[in-house]
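Some notes on the structure that comes next.
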Amino acid sequence: MYDDKRIAIVGGGPVGLTTALTLSRRGVPCIVYEAAEEIAKEQRGAAFHPPTLEIFRQLGIESSLMKMGLRVPVWQMRDRTDGVYAEFDLGTLAEITDFPFRYHLPQHYLSSLLLDTLKDDPNVELCFSSNVSSVNNEDTSAVLTIAMDGGERFVRSPWVVGSDGAHSNVRKSAGFDFEGFTWREKFLVTNIEYPLQELGYTGTAYVSDPEDWAAVLKLYDDTREHLWRIAMPAKLDVSDDSLLEAESVQARLRKTLGVDMEYPVAYSGTYRVHQRVADTFFKGRIMLAGDAAHINNPIGGFGLNGGIHDAFNLANKLADVWLGISGEEALELYSRQRRTVAVEVVQKNSIRNKQAMEERDPDVRRRNKDAMRALSRDPVKVREFLLDSSMISSVRRAAEIS
Ligand SMILES: Cc1cc2nc3c(=O)[nH]c(=O)nc-3n(C[C@H](O)[C@H](O)[C@H](O)COP(=O)(O)OP(=O)(O)OC[C@H]3O[C@@H](n4cnc5c(N)ncnc54)[C@H](O)[C@@H]3O)c2cc1C
């Protein structure tokens with residue numbers, strides 16, 4: 001057993017690395033255990049909301065981040081057959097935030113930047129190819145079991161952050177519940193190289209339809225100018241092989257986008273979507289953050305952003321505890337603040353967004369559309385709506401909890 005005095009972070013995804021950077025900025029030493037050999041490059045979260053950009057500014061990486069990416073001030077609600085019925089301009093929040101736009105940047109660019117920033121940081125040790133199989137609470141520490149360097153190691157740490165993603169070993173081994181449900185369909189995600197702005201799309205569009213609803217997102221890519229992601233529902237009982245057949249993907253794109261052409265497809269994949277939140281984010285010496293603590297469908301782009309908000313909130317409180325500024329009750333507060341918004345805001349809004357897009361009853365669909373159209377023309381309601389959808393309200397709500 002090795003006794004390590006540093007804070008252990010399990011998982012070097014965007015949430016774990018943001019936790020490490022925040023701790024380091026406060027002068028607190030930590031070690032990150034990451035199971036993979038290198039950071040993930042998968043197609044995942046790709047849009048940042050204003051409060052997340054404000055966090056990156058406080059961490060000193062905003063200007064590097066802003067050299068990449070796309071600013072998307074205006075987003076749309078569309079009906080697959082009738083087109084745009086509401087448009088929202090984040091520019092109306094310009095007096096509230098310095099970042100009145102969504103910032104589109106695939107999360108692996110953020111992870112690479114975090115990695116570059118951390119790699120020579122004396123406060124942070126990064127251990128790749130280090131798979132944490134379990135973490136168990138003791139009285140004033142927690143013990144990690146780690147497969148690394150060809151063997152099994154046991155490390156005792158004063159505090160452990162579980163930021164090891166949706167399938168978190170930390171969460172499972174330490175006995176946190178993960179309550180919620182799994183949607184009855186899969187998501188089919190495709191990236192196409194096609195200038196969708198020529199069809200009137202702004203950088204983000206939510207397209208409603210009882211069968212063929214979609215989330216459409218312009219992706220930043222440093223080698224391709226016109227790369228768009230289309231996320232669509234797919235039946236659970238159809239195999240991935242048939243869903244991903246080239247002709248089947250083309251047929252879905254034609255139906256969803258309404259243009260009869262051969263789309264240049266750069267990527268396609270499927271994934272299952274869940275709505276789950278851990279019963280607490282803090283137990284003994286172990287804290288959960290990011291996907292390890294909560295997962296939701298991607299409509300609204302809350303998952304990654306919420307995880308970064310967790311990381312910044314948690315790491316600052318953990319630094320206060322480490323530096324003797326606060327007692328452990330600060331970590332209890334972290335759990336209450338972030339779990340409350342995960343349940344009350346993120347789960348509620350992401351479920352509502354998805355259900356509105358896929359509503360089947362024609363009368364309800366018409367009423368929903370009329371309501372959103374009317375809302376988009378009322379400046380007071382637009383402001384409230386944008387504060388919610390850009391997660392500014394959720395960060396404020398968390399801060400009010402004491
Ligand atoms: C297809 C897709 C699209 C998405 N789109 C959006 C979007 O548009 N907007 C949005 O906000 N969110 C989106 N999300 C969600 C977003 O990707 C996640 O919320 C985000 O990745 C969470 O970051 P994380 O660091 O908590 O977890 P992860 O990114 O999953 O990172 C966890 C890390 O922990 C490591 N790890 C796992 N197990 C262990 C172990 N036992 N020991 C050590 N390390 C371990 C993993 O290798 C990984 O590097 C999407 C997700 C998917 C799958």
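The values are calculated or read from the model by the stated rules, or taken from the named source; none is laboratory data. These figures come from a predicted structure and were not determined experimentally. Backbone-built Cβ (ideal geometry, glycine too); neighbour counts: all protein chains shown. To get the accessible areas, we keep the full protein, side chains included, count just its heavy atoms, and leave off ligands, DNA and RNA. Shrake-Rupley method; radii C 1.70, N 1.55, O 1.52, S 1.80 Å.
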Q: Search region 12-38 for residues being open to solvent by less than 10 Å² (accessible area, probe 1.4 Å) and part of a loop (DSSP other than H, G, I, E, B), and hand back the single one that is nearest to residue 68 (Cα to Cα).
A: 12
**Q.** region 194-219 residues that are more than 15 Å from residue 254 (Cα to Cα), paired with ones that are among the hydroxyl-bearing types (Ser, Thr, Tyr) (beta carbon under 8 Å, 6 or more apart)
**A.** 217/204; 218/201; 218/204
Q: From 218, 172, grab the single residue that is under 24 Å from the mean Cα position of the chain (by Cα), basic (Lys, Arg) and in a strand (DSSP E or B).
A: 218
Q. Among (1) farther than 23 Å from residue 394 by Cα; (2) in contact with a helix residue (DSSP H, G or I) (Cβ under 7 Å, 6 or more places away or on another chain), where does residue 256 come up short?
A. (2)
Q | Every residue from region 90-101 that is open to solvent by less than 10 Å² (accessible area, probe 1.4 Å) and assigned to a helix (DSSP H, G or I) | A | 90, 93
Q) Among the residues of region 69-87, is any of a type in the set (Phe, Trp, Tyr), more than 15 Å from the ligand (Cβ to nearest atom) and farther than 18 Å from residue 135 by Cβ? A) yes
Q | Unique residue being under 21 Å from residue 20 (Cα atoms) and open to solvent by 40 Å² or more (accessible area, probe 1.4 Å) when the list is 323, 314 | A | 323
Q | Among residues of region 63-89, those that are in a helix (DSSP H, G or I) and surrounded by fewer than 17 Cβ atoms within 10 Å (Cβ to Cβ), counted | A | 2
Q: Please work out if residue 212 is within 29 Å of residue 130 (Cβ to Cβ), in contact with a helix residue (DSSP H, G or I) (Cβ under 6 Å, 6 or more places away or on another chain) and open to solvent by less than 50 Å² (accessible area, probe 1.4 Å).
A: no
